[in-house]
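As structure tokens, the structure follows; a few thoughts come after it.
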Amino acid sequence: MPRWPQGTVRAVALALVGGATLVVVWLVPYVTGGESPGSPQASSLEAFCPERVAESVPGAGVGVMVAAYETERHRIVLCANEAGELFYFGEFLSGDGETMVLPATRTEQGYVADAGRTRYEIVGDEVVITGPDGLEVARLDLVPVESPR
């Protein structure tokens, strides 16, 4: 079995980590669209998605956390995969029920994700849930979270 020259494995590992970091830094402005007046306040932008969130996001690999919030009962994480596709990850804080992972879109006011005919829209410091009939089902206050669990 051939041996690698001393330090080669370490150099390759550092190059891979550095490359992943560059991808993350490059994707953040692309996915978030930058700050705009009236847009929701995103959490620390140059962060990786929590591992368990990235595992559920299609094609995440090294996911970029765009924003993270909590309501009194829910956790919401917006995460972009390596291709720059944005996803809305939602779950109950209690751990009951299944997680929800939906394709999301950045809007002028925030973010929107559709689950069939139900819409989840983050606007300012609220998430507004609209049902299939177009009527508002819920309007919940959001609290930005730096490091979601």
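The values are calculated or read from the model by the stated rules, or taken from the named source; none is laboratory data. All values derive from a computational prediction rather than experimental measurement. Cβ atoms come from the backbone with ideal geometry, glycine included; neighbour counts cover every protein chain shown. Note: areas computed on protein heavy atoms with side chains; ligands, DNA, RNA excluded. Shrake-Rupley method; radii C 1.70, N 1.55, O 1.52, S 1.80 Å.
Looking at ASP133, ASP114, just one residue is among the acidic types (Asp, Glu) and surrounded by fewer than 15 Cβ atoms within 10 Å (Cβ to Cβ), and that residue is ASP133.
If a residue has to be open to solvent by less than 70 Å² (accessible area, probe 1.4 Å) and out of contact with any His (no Cβ under 8 Å at 6 or more places or on another chain) to count, how many in the range 136-149 make the cut?
4
Scanning the range 51-105 for residues that are out of contact with any Leu (no Cβ under 8 Å at 6 or more places or on another chain), in a loop (DSSP other than H, G, I, E, B) and of a type in the set (S, T, N, Q) yields ASN81, SER94, THR99. If the condition is being in contact with a Ser or Thr (Cβ under 6 Å, 6 or more places away or on another chain) and closer than 23 Å to PRO50 by Cβ, then the range 111-141 contributes VAL112, LEU140.
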